[in-house]
Each structure stands twice: as C-alpha cells, then as structure tokens.
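K.L.:
Dropping a structure here in structure tokens format, bear with me for questions.
The values are calculated or read from the model by the stated rules, or taken from the named source; none is laboratory data. This structure is a prediction, so every number in the text was calculated from the model and none was measured. Every residue, glycine among them, receives a Cβ derived from its backbone with ideal geometry; neighbour counts consider all protein chains shown.
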Amino acid sequence: MNQRTIVVQRDVQADQKADAAVERDRLGRRGTLVINLLSSPGAGKTTLLEATARHFAGRRKMAVLVGDLETDRDAQRLAPLVPVAQLTTGGACHLELPLVQRGLKALGDPDVDFLFIENVGNLVCPASHDLGEHLRVVLISTTEGDDKPGKYPKMFRTSQAMVITKLDLLPHVPFSVEAVTQDALRIQPELDVLSNCALDGSGIANWCDFLEQQYQQRLAKYHEPAGNR
Amino acid sequence: MHERSLVQNLLRQVAEIVAAEGGGQVTEIHVQAGDLSGVEPLLFQTAFDDMVSAVFSSDCQLALEVVPVTAVCSQCGHQFEIVDFQFRCPACQVGSVRVIQGDEVTLISVTINSNNSIEGVAS
C-alpha cells in the first residue's frame, strides 16, 4: 500500500467562475448589462425594480429574474411592467448560474439592455456566487441599521455599488447615511454610493442615470476593435 | 448554508482527481479557506463530516486551513495583509487594491492510499 499526496492547488469554484465569465461575455457582446441585486430580505429590491421599470418604460428594454426560496409573489408584482421569470430555490439560500440560465431560457433569452437578477434576500451566501453579472449592487435600507457593511464584509467588498433605500424613513430611524457610507468605503473604497426612496420616486432618475453610465462603461470593451481589447 | 454546496462540489472534484490518478482510498483532503471566502470553518467541517461518507470512507479527514486576506496596491505595489477588513493601502492610502489571496476556497492536495506503485500510476 502506497500513500501519496496529489498536489492540486485549485479554486474549488473555478469551473463555476469560468462558466459565469463565458455568460458575462456572451451577454455583454450582445449589449445586455447584467446586474446582480443583493440585500437582506425586505430592503426593497422588488420596489426598486418596479420604480426602475416605470422610469425606463419606452426608453430602455429590461427583464428581471427574481430569486426566492418559495412563491412567485415578486414575479407577480413585476409581471405587469417587464418580462420576468421567478426562480425558486426550494430552500437554497442563494442563486447559482444554472438556475439563472434556466430562467433566461424560460424568458426566451430576451435581447434587453438591462437584465436584473434579484437575488435571494441574504447578505451572506449570494456574495460567494458569480452569476455572470457585470455589476453587483448591494441595497441597504435605513430600517436595517447602519452597522451592516462591517458585519457582512464580503457582500460589500464584492459589490461595485451600494444603494441606500427607504430614505423617506430617515427621520424616524437611528440610521446615519454618513456612518454606513464610511463603513462600506472602508471595505470597498471604490464603491459607488447612491440613495433613493422608490415609493415616492426620489433618487430614481439618479439611479437610472447611474445604470446608463454603467452600461456605457462596462460594455464598452465589447465594442472596441479586437486589437484594443 | 452554502457550505454544503461547496463541500459537495469539493468531493466531486476530489473523486474526479482520484479516478484520473488510477483510484485509491482518500485519507486526507487539504483545503484552504480565505477569510474572505465566505466560508465559516465550523460549518464547512460539519458539512464535510456529514457528507464525506457518501463518496469516500468516513476515515477520510478534512485538513482545513484558514488563510488571511492578502492584497496588493494597484498604485504603489505594496503587498499587505488585510486586517479588520480595511481595504486601503497602508503605504500610500490608495483604495484601489487587488486581493491576491484569501477570497476563495482552494483545494490544495489530496492524500490517497493505493495499491499501485508510484511508477505504475505515472505510466
């Protein structure tokens, strides 16, 4: 009997990351910006998407894949506004790429400008899964408390933007926009920080302008002559 | 809870590696989990203990090593360990730093007992 050690040195998620990169490039080349929206449950992802859909109506094409453990309640809310597919994880705490691809197929792989993936409400596990997005946005609502970035560092570290939601409740809750921003920037100094209230529409135009900028910026590389890439 | 899906993934990869090497009894799987990998070591170990016997012998051990997060500054090139999730270069204060270690789960090595001689496996 021989005992021996096989040296591997390989990222356990390497295959998933490679698959996600292929999907990101496929959709990017086609002109679809993929946005992974993450937050704790109830931070206002669906409400933000409703407001976004109203703002973009007639201007930009968008579709939504919405993840939840059970029910199609979020999809029902969004269905009157945009093409939407509900992804139910059956108890799993995050979305993975194959589920996203199944949802995209169910929608007929629509050639939209913005594809939003509304992840399962959870500030932990979804941070570890690349879904082929070009932009990762974390939402934090004023009712959650301003101490969350430091408690869930991976989520904030892996995001490119943070959106503070439910700004209208600021006078009623002990939440400091300054404190949450500083805490998040400590973890991700390059984070873009936005804020809005999707219910009364304040800050939504600014959010949509930000998405337009991101569209230009992040998809530009797919339209450069091959030699410049 | 995603530790379970990571362990499932890990065991599948180890099984493929061992099969490609001509088989054998897996005695130890050495894994590094970075502080920013999103893995809680205790939950990972529990998931491993729970799931390993479905694929390998329950004697198969997990050697789980937690590694700190290391980053390199994109401005001045300074390499440093991230402490308390402060992602700013301590040398030049620039915020654009790249994580080079500690944000993933890495399968380092697999130890097996086999009847094949090393030469036999290599051929």
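K.L.:
Limited to the stretch A:108-142, what total is found for residues that are touching a strand residue (DSSP E or B) at 6+ places or on another chain (Cβ under 9 Å), farther than 19 Å from A:THR52 by Cα and away from chain B (no Cβ under 14 Å)?
P.N.:
Count: 2.
K.L.:
Before we move on, is B:VAL26 within 9 Å of chain A (Cβ to nearest Cβ) and crowded, with 16+ Cβ neighbours inside 10 Å?
P.N.:
Judged against the criteria, B:VAL26 is not a match.
K.L.:
Considering only residues of the stretch A:1-30 that are within 14 Å of another protein chain (Cβ to nearest Cβ), of a type in the set (D, E, K, R) and part of a helix (DSSP H, G or I), which is farthest from B:SER5 (Cα to Cα)?
P.N.:
Only one residue fits best here, namely A:ASP19.
K.L.:
When you look at A:VAL173, is it at pLDDT 95 or above and under 13 Å from the mean Cα position of the chain (by Cα), yes or no?
P.N.:
Criteria not met by A:VAL173.
K.L.:
May I ask you to verify whether A:LEU191 is in contact with a helix residue (DSSP H, G or I) (Cβ under 8 Å, 6 or more places away or on another chain), surrounded by fewer than 23 Cβ atoms within 10 Å (Cβ to Cβ) and either within 14 Å of chain B (Cβ to nearest Cβ) or at positive phi (or both)?
P.N.:
yes
K.L.:
If you take the residues of the stretch A:58-93 that are basic (Lys, Arg) and part of a loop (DSSP other than H, G, I, E, B), which of them is surrounded by the fewest Cβ atoms within 10 Å (Cβ to Cβ)?
P.N.:
A:ARG59
K.L.:
State which residue is surrounded by the fewest Cβ atoms within 10 Å (Cβ to Cβ) when the search covers only the stretch B:1-17 and only residues that are part of a helix (DSSP H, G or I) and either among the acidic types (Asp, Glu) or at the interface with another protein chain (Cβ under 8 Å from one of its Cβ atoms) (or both).
P.N.:
B:GLU16
K.L.:
Here is a further query. Can you tell me which residue in the stretch A:94-106 is farthest from the other protein chains (Cβ to nearest Cβ), limited to those that are surrounded by fewer than 17 Cβ atoms within 10 Å (Cβ to Cβ) and farther than 19 Å from A:ASP25 by Cβ?
P.N.:
Here the answer is A:ALA106.
K.L.:
Search the stretch A:176-187 for residues that are touching a residue at least 12 places away in the same chain (Cβ under 8 Å) and pair each with any residue that is charged (D, E, K, R) when their beta-carbon atoms are under 6 Å apart and the residues are at least 6 apart or on different chains.
P.N.:
Hits for this filter: A:SER176/A:ASP146; A:ALA179/A:ASP146; A:VAL180/A:ASP146; A:ILE187/A:ARG157.
K.L.:
Quick one: which residue in A:LEU49, A:LEU33, A:LEU38 is within 14 Å of chain B (Cβ to nearest Cβ) and within 13 Å of the chain's Cα centre (by Cα)?
P.N.:
A:LEU38
K.L.:
A further question follows. Considering the stretch A:127-173 alone, what residues qualify as being outside any strand (DSSP E or B) and among the basic types (Lys, Arg)?
P.N.:
Listed by number, the residues that qualify are A:LYS148, A:LYS151, A:LYS154, A:ARG157, A:LYS166.
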